[in-house]
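Enquirer: One structure, pasted below without further comment.
Where a number appears in this text, it was derived from the coordinates with a stated rule and is not lab data. Quick caveat: nothing in here was measured; it's all calculated off a predicted structure. Neighbour counts are summed over all protein chains in view; Cβ atoms, including those assigned to glycine, are modelled from backbone coordinates with ideal geometry.
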Amino acid sequence: MFRKTNEESLKEVIEQLLDTYKLRDKLNQVKLMQSWDNIMGEMISKRTEKLILKDHTLYIYLNSAPLKEELNYGRERIVQLLNTALEGDFIKEVVIR
């Protein structure tokens with residue numbers, strides 16, 4: 001016979017902590033920064049000055065006007081790529097500056 005307990009998996013506890021202390025955006029921002037080069041490619045990575053994830057919006061700061069223009073047309077695809085890499089639906093919008 002199995003006894004019912006209040007035990008939860010470590011993953012569930014960590015997920016609850018991330019939500020309780022509102023750390024998920026910070027964790028996702030770190031994940032994005034670590035994998036930005038692999039996701040977007042070296043050319044875009046070299047022109048990226050900073051990334052800020054706030055309230056499900058990713059702000060991408062670039063130092064190339066032509067690249068800004070080009071990436072503006074592919075914002076929906078960028079959202080898909082990044083959400084796939086983050087394994088969830090965390091980014092709703094991309095703002096390129």
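Enquirer: DSSP loop trypsin sites (Lys or Arg not before Pro) in region 16-91 with at most 12 other Cβ atoms within 10 Å of their Cβ, which ones?
Expert: The qualifying sites are LYS22.
Enquirer: Taking a spot 7 Å from the Cα of ARG24 along the direction of its beta carbon, which residues of region 63-95 have an amide N less than 20 Å from it?
Expert: Inside the label zone: 79-95.
Enquirer: Mind checking which aspartates and glutamates have their C-alpha under 19 Å from LYS54, skipping anything on the same chain fewer than 8 residues away?
Expert: Of all the aspartates and glutamates, those that pass the test against LYS54 - Cα under 19 Å, at least 8 places apart if same chain - are GLU15, ASP19, ASP25, GLU76, GLU87, ASP89, GLU93.
Enquirer: Dividing the convex hull volume of the alpha carbon atoms of the chain by its residue count, what do you get in Å³ per residue?
Expert: With only Cα atoms used, the chain gives 109 Å³ per residue.
Enquirer: Where in the chain are the helices, taken as whole DSSP H runs, whose Cα atoms extend 24 angstrom or more along the long axis and whose Kyte-Doolittle mean reaches at least -1.0?
Expert: none
Enquirer: In the chain, what GluC sites (Glu not before Pro) fall in a loop by DSSP, with at most 11 other Cβ atoms inside 10 Å?
Expert: Counting only loop positions with at most 11 other Cβ atoms within 10 Å, the GluC sites (Glu not before Pro) in the chain are GLU7, GLU8, GLU87.
Enquirer: Calculate the length of the line joining the C-alpha centroid of region 67-89 to that of region 16-37, in whole Å.
Expert: If we compute the Cα centre of each part, the gap is 17 Å.
Enquirer: Moving on to the next point. Please report, in debye to the nearest 20, how large the charge dipole of region 10-96 is about its Cα centre when each Lys and Arg carries +1 at its beta carbon and each Asp and Glu carries -1 there.
Expert: In debye, rounded to 20, region 10-96 gives about 220.
Enquirer: Same structure again: Can you give the calculated 222 nm mean residue ellipticity of the chain, where each DSSP H run of n ≥ 4 adds -39,500 (n - 2.57) and the sum is split over every residue, rounded to the nearest 500 deg cm²/dmol?
Expert: The per-residue figure over the chain is -17000 deg cm²/dmol.
Enquirer: Can you pull out the chymotrypsin sites (Phe, Trp or Tyr not before Pro) in the chain that DSSP calls coil and that have at most 16 other Cβ atoms within 10 Å?
Expert: PHE2, TYR21
Enquirer: Listed here are the pairs LYS22/LYS68; LYS11/LYS50; LYS22/LYS46; LYS26/LYS50; which of them are more than 23 Å apart at the Cα?
Expert: LYS22/LYS68; LYS11/LYS50; LYS22/LYS46
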